[in-house]
Each structure stands twice: as structure tokens, then as C-alpha cells.
Number of protein chains: 2
Amino acid sequence: MGITFHKGHGTRNDFVIIEDPEGMRELTPDVVRALADRRSGIGGDGVIRVVRGGAFDQWHGDPELWFMDYWNADGSVAEMCGNGLRVFVRYLLQQQLVDQLEFDVATRAGVKHVRADAHAVSVWLGPATVADDVVRVRSGALEVEARPVNVGNPHAVAFVDAAQLRELDLGVAPTWEPAERFPEDVNVEFVVVEGPGELRLRVHERGVGETESCGTGVVAAAAAYRRASGFEGPVRVEVPGGSLGVDFTDAGAVLTGPAVIVAHGHFTQP
Amino acid sequence: MGITFHKGHGTRNDFVIIEDPEGMRELTPDVVRALADRRSGIGGDGVIRVVRGGAFDQWHGDPELWFMDYWNADGSVAEMCGNGLRVFVRYLLQQQLVDQLEFDVATRAGVKHVRADAHAVSVWLGPATVADDVVRVRSGALEVEARPVNVGNPHAVAFVDAAQLRELDLGVAPTWEPAERFPEDVNVEFVVVEGPGELRLRVHERGVGETESCGTGVVAAAAAYRRASGFEGPVRVEVPGGSLGVDFTDAGAVLTGPAVIVAHGHFTQP
């Protein structure tokens, strides 16, 4: 197997990108795993195929939109990845596959609106729904209340202090009660409020472990913070991999931050 | 910064390769760390610059030899890396920078003899010196005797049973007594004897953690096994990343196994 690739990242969430406008190269779980392998492949948190909507048989919307065919590193498909979408947009712009800085893209989670400048990419991720109940989350010796937030995927957001954040050992997955609240597992964000509209967090992604950034987790944290504090403005969130902004608009939560393409080349599976 | 790279691996020890025959592009710790970063760079356990001996100012031997300018991912230089040397040799052959299958290469640890075929690369790593003393190694609840072996770098080889090997948690570095036996830290191999001349091991590399393969660790394990068993033939060693062979010759220990180049491309640091 030989395949031309690009690689990019947004706040150190990294992706292998395969450009396939005409849909001539469908990905398979084996190919995705081979590309995403950090030692025998190129390496990434996910693999994104760039394909015209009209060439993707599961897309029934506008055939002219670019479709983000997103796969997790383990070979499963995912509906949405906020940082992946930002890197996808940067790729479209860099390769001049679009001729505007604000446009729509197609994803398994539907049409998403996006906007970019030279430094940052903003993606409209839709509503972030903060639940009315709370759960209790446990991580090592720490046990805290957390707020469920749905951003298309499930999150639990716990507010902690700086020492608690620093001392967390997320090498072990957090647990929660009641266990049945998240039957399909949950992403857990531990959040410190640094100041008005300024958060810092660490995240444990379900099925993955601690990561340096999680786009939907950043949105969930900002939404839970607004609910708890009544703060109305844009929220800045520091993650281990960098800094992201969240705005809340009538059209949903907007995630903004850097996204760069760092390499291109050819991969050959021996 | 823009730079052309190749990437290869040997039993899942992976390396970024920079070809620089005339020595026009000296590496710096910053460049090495940027290339080796698995998220914002290309990713690798190390970075290898391929340079003519005559173009490398610290090499005073045959100027026609190819010099392996090896750097660890953290930006420090290393004298030798057994799997890195095997990948370096595969690169020279694949790029037709040599016209024979058996030749000498230059390294910070001196001239090393190498030989290759389509499947495997053999490298002569010099003597593996098994010490006469023993140390006690502790990893979690396991406490076992281990044999010091010097293969240019320090190793401690402990023989365990299959259940002990499986249950090891090498997320925490092993400790040893007497502590002063290895003042500069030590690589620890936990080894199961599967049959005559057949070993299986897991390794904790000093300063790195558990890895899927360690060339000098494989040689150290084979040497300690020969000493303990009196076995005279070639030794096969299964590591998490694959399978390697060790022969002992009058010219030193020979490490043999697969080495492949999987990608090439261009890296741009934004």
C-alpha cells in the first residue's frame, strides 16, 4: 500500500489527512490503524479523508460541500471531532480547495459552519446542553460533583482547585455515580476557574485516556462554567496542548483556536 | 523551518531520518525535539542525520564512511542505538547510498560492521560484558536477582517466569540494590526463557520508560542467558515490537532483525 498524506494538529490533537476528492480511496479500519500507528505509521489521534460530498455515498446533502470522513486511530468512525474539524478547515484553505474564509462543511454530524483567518479556525459545533442533575466523579482520592453536558457526545465537568488539578493522576479512568447516568461512558473535564471567563482544564477522554486537548470537552467546560457563574462573554480555555476560545451564539457554541498543517509526504506499508 | 525527512522503524523502535551528505544542515536540540514530537512533529524515538564522515567534524576516521549522527528524541546525542543503526543501514541501501550489502559505518561509538538482505539487517555491536556480581531489582511487588551486562551502555537482566512478565507494571521505573552499582541509571530487562535459545522480554529503558524494543537490551539479555545456561548457539528474542536474533562472534555480538523505511516527506515548522 502506498498513499499520499498530510499531517496537521490543533492544540496538539493531531491528524493524518488523506485527500481523495473523487472518493477513489475508501478508508478501511486496517488502513486507518496503519496510518495512525505512531511507530510503524505516520501517527495521529485520528485520520481524516477529504472527499466531496457528492462522492461520499452516505452524504445526501449539498454535493459541492467538502465532507470530513473522520476516523479514530483505533479504526472506528466518529461523528464529530472539534479539533479535527479545525484542522480539516485549515487543510482546505491551505490546499486552496475553498476560495472563501467562511463556509460550510459536511460531516457525519451534519453541516457545520466554519470561519478562518491566518492564525485561527472557528467551528460552530451546535448546542451544548447542560443538564440539571449532577453526578459524583471519583479520580484517585479526589471525589467531586460534576455537571453532565451534551455536545453531541457526553461530558461530565467538575470544578476543582489548582492543587487538585495538578495532583490528578488521569492514568486511571475516573469513575462516577450513579453509574447508569452514562451508559456509553463519558469524557470527564476537571476545570479550574482562573478568572472571569478564564478556565484551565485537564481531560480524560473515554476510550483514550488523558489527552492534551479535546474540542468538545473545552466547549462542555465553558458551557458548565456559564451555567454555574452566569458569565455571559466569550470564554478562554487553557488545555495542556494550548489555548482555545469558546463563544456562544444563537447558532450554537463556537470553538476557536490554532490549526496547522506541518507535513506532507508518502507512506508505504512494507 | 522546512526539512525533507524519511521515517523508518525496526521492531517498532522508530526514527526520523535526515539525509545531509555534505553536512550542510547540522541538527540542534530544538530541531531534533520538533521533528521527534509525536503530535506537532513527525514523531520518533530518535532522529538520525545521514552525513559523510568527511563532512562531520567530530569524525577523524575514513572520510568515505557514512556517519550515523544519532540524537535522542529529547534533543540529547547518543553514542549508539542498535535498532537505530539497523534502520540507518536500511536507509543507506534503499537510497542506494551504498552499493554493497556488507560494509562499515561510522558512529560516535566508532566503526560498526553491518550486513543486510531484503528482510533483515545485522549490526555488529561489539562486546557484551557480563559482570560477575548480581544486583537485586524491584518492580512493584516483584523482587528478583539481576545480572549487570555492559553493551556500551549499562543493563541489568532479570530472569522471571511468564506470569511475572505478564503482570509487571513498568509504568514505574524499577529500583535496584545496591543503588551505587549503576550511578548513571540502568536499562532493566525482564526475561522469560521459552526454550533453548529462545527468550521473551520486556524492557524499561533509563530515562524513557517501557519500550517495545531495545537493541542493546536484547543483546544484554542474550549474553546473560548464555552465561547462565552455557547455551552456545544463536539466540532468538521476542520483544513486544517484534523478533530479533543475536549471534556471538569473535568480533562481538551481532543483532539481526527487520528494519523498514515507511515514509518520506517534507516537514514545515509553522
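What follows is calculated from the coordinates using simple rules that are stated; it is not laboratory data. This structure is a prediction, so every number in the text was calculated from the model and none was measured. In this analysis, Cβ positions are derived from the backbone assuming ideal geometry, glycine residues included, and neighbour counts consider all displayed protein chains.
Near A:His9, within a Cβ-to-Cβ distance under 9 Å, what is the net charge of the other residues, with Lys and Arg +1 and Asp and Glu -1? So the environment of A:His9 carries a net charge of +1. State log₁₀ I(q)/I(0) for chain B at q = 0.13, 0.14, 0.16 Å⁻¹ as given by the Debye formula over alpha-carbon point scatterers of equal weight, solvent excluded. Ignoring solvent entirely, the Cα scatterers give -0.83, -0.96, -1.21. Modelled spin labels at A:Asp57 and A:Arg138, positioned 7 Å past Cα toward Cβ, are 4.8 nm from each other. The slack between A:Arg206 and A:Gln96, meaning 0.36 nm per residue of separation minus the straight C-alpha distance, is 36.1 nm.
For region A:129-248, DSSP calls about 80 percent of its internal beta bridges antiparallel. Centroid-to-centroid, using Cα positions, region B:170-220 and region B:127-166 are 6 Å apart.
Net charge dipole, region A:1-156: roughly 520 debye, given to the nearest 20, about the Cα centre with Cβ charges of +1 for Lys and Arg and -1 for Asp and Glu. Shown is the FRET efficiency for A:Asp169 and A:Ala228, computed with R0 = 30 Å from the Cβ-Cβ distance and rounded to the nearest 0.05: 0.75.
Relative to the globular-protein estimate of 2.2 N^0.38 Å, the Cα radius of gyration of region A:129-248 stands at 0.94. Here the contact order of chain B, divided by its residue count and restricted to Cα pairs under 8 Å and six or more residues apart, works out to 21 percent. Put simply, the amide H of A:Ala263, placed in the peptide plane, has neighbours under 5 Å in A:Lys7, B:Thr268, leaving out anything fewer than 5 places away on its chain. GNM remark for chain A: springs join alpha carbons under 10 Å apart, and the peak mean-square fluctuation among A:Gly233, A:Gly43, A:Gly252 falls on A:Gly233. For chain B, the membrane-span-like helices by this rule, meaning whole DSSP H stretches whose C-alpha atoms cover at least 20 Å of axis and whose Kyte-Doolittle mean is 0.0 or above, are B:215-229; this says nothing about an actual membrane. Once backbone amide H atoms are built at 1.01 Å from N, B:Val160 has B:Val191, B:Val192, B:Val193 as its partners under 5 Å, excluding neighbours fewer than 5 places away on the same chain. Between A:Val123, A:Val89, A:Val208, which gets the highest mean-square fluctuation from a Gaussian network model of chain A, Cα cutoff 10 Å? Among A:Val123, A:Val89, A:Val208, the largest mean-square fluctuation in the Gaussian network model of chain A belongs to A:Val208.
Have a look at A:Val172, A:Cys214, A:Gly140 and report the one farthest towards the positive end of the charge dipole of region A:129-248, computed about the Cα centre with Cβ charges (Lys/Arg +1, Asp/Glu -1). Result: A:Cys214.
Note that region B:183-200 has calculated 3J(HN,Hα) couplings of x, 10, 6, 8, 8, 10, 10, 9, 10, 9, 8, 8, x, x, x, 10, 10, 9 Hz, one per residue in order, obtained from phi through the Karplus relation 6.51 cos²θ - 1.76 cosθ + 1.60 (θ = phi - 60°); glycine and proline are x. Sites listed here are GluC sites (Glu not before Pro) in region B:73-154 whose DSSP assignment is loop and whose Cβ has at most 14 other Cβ atoms within 10 Å: B:Glu79. The order of B:Ser213, A:Ser40, B:Ser76, going from fewest to most other C-beta atoms within 10 Å of their C-beta, is B:Ser76, A:Ser40, B:Ser213.
Put a dot 7 Å past each Cα toward the Cβ at A:Glu177 and B:Gln269; how far apart are the dots in nm? Result for the modelled spin labels: 5.0 nm. Let me know the shape class of region A:1-64, please: from the alpha-carbon gyration tensor, a ≥ b ≥ c as square roots of the eigenvalues, rounded when a/c is under 1.5, otherwise prolate if a/b is greater than b/c, or oblate. It comes out prolate by the Cα gyration axes. Placing +1 on the Cβ of every Lys and Arg and -1 on the Cβ of every Asp and Glu, with nothing else charged, gives chain A a dipole about its Cα centre of roughly 440 debye. Couplings for region B:114-129, taken from phi via the Karplus curve 6.51 cos²θ - 1.76 cosθ + 1.60 with θ = phi - 60°, read 9, 8, 9, 10, 5, 9, 9, 10, 10, 10, 7, 9, x, x, 10, 9 Hz in order; Gly and Pro are left as x. Mean residue ellipticity, 222 nm, helices only, chain B: the sum of -39500 (n - 2.57) across DSSP H runs of n ≥ 4, divided by residue count and rounded to 500, is -4500 deg cm²/dmol. Near B:Arg136: Cβ cut-off under 14 Å, other residues only, Lys/Arg at +1 and Asp/Glu at -1. The net charge is -2.
Taking B:Ser229, B:Ser122, B:Ser139 as the candidate residues, the one with maximal mean-square fluctuation in a Gaussian network model of chain B, Cα springs under 10 Å, is B:Ser229. Simple spin-label estimate for A:Asp74 and A:Glu194 gives 3.2 nm between the two label positions (7 Å along the Cα-to-Cβ direction from each Cα).
Couplings 3J(HN,Hα) of region A:261-266, computed from phi: 9, 10, 7, 9, x, 10 Hz, in residue order, whole Hz [Karplus 6.51 cos²θ - 1.76 cosθ + 1.60, θ = phi - 60°; x for Gly and Pro]. Dipole magnitude for the protein assembly as shown: computed about the Cα centre from +1 point charges on Lys and Arg Cβ and -1 point charges on Asp and Glu Cβ, it is near 140 debye.
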